[in-house]
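Below is one structure, written out as structure tokens, with a few remarks after it.
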Amino acid sequence: MVIASLNSQSSLLTDRLWLDVLPVLPPFALAAVCQTSSHLLALARPIVYRSIPALDNPPAARALCRLLRSRPDLAAHVQHLSLPGAQHDEDASVNEPVLSSSCACPSCPGG
């Protein structure tokens, strides 16, 4: 029982350290960490989806829009999304979903 408690505390400490390190990693390093284990992917996912840079490739932008529409758990992490040509509402609250059912992305059908 004591060993299980120590392992649990060690795991929490390790997770806390990762949560401090992950946000400062460059994108290529963050991608490499995400590929190492499902546990690290789960820790990194909110950071990966927090800010999505502009996608100049229309097929990639459409795929991203479809992904975020179909995965509200991922879309919930997005705080900043840049889509070239998209209409931006400066008054939009940070708490509002980034993508609604009618995406303003010019690459999306209906956008």
Of every hundred units of 1.4 Å-probe accessible area on the range 17-86, the number belonging to carbon and sulfur atoms, as a percent, is 63 percent
Contour minus Cα-Cα span, VAL21 to SER82, at 0.36 nm per residue, comes to 19.5 nm
Sorted by chain and then number, the residues having a modelled amide H within less than 5 Å of the amide H of LEU81, at least 5 places away or on another chain, are ILE52
Label model pair LEU74, SER38: point-to-point distance (7 angstrom along the Cα→beta-carbon line) in nm is 1.7 nm
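The values are calculated or read from the model by the stated rules, or taken from the named source; none is laboratory data. All of these numbers come straight from a predicted model, not from anything done at the bench. Note that each Cβ is placed from the backbone with ideal geometry, even for glycine, and that neighbours are counted across all protein chains shown. Ligands, DNA and RNA are excluded from the accessible area calculation, which covers all protein heavy atoms including side chains. Shrake-Rupley method; radii C 1.70, N 1.55, O 1.52, S 1.80 Å.
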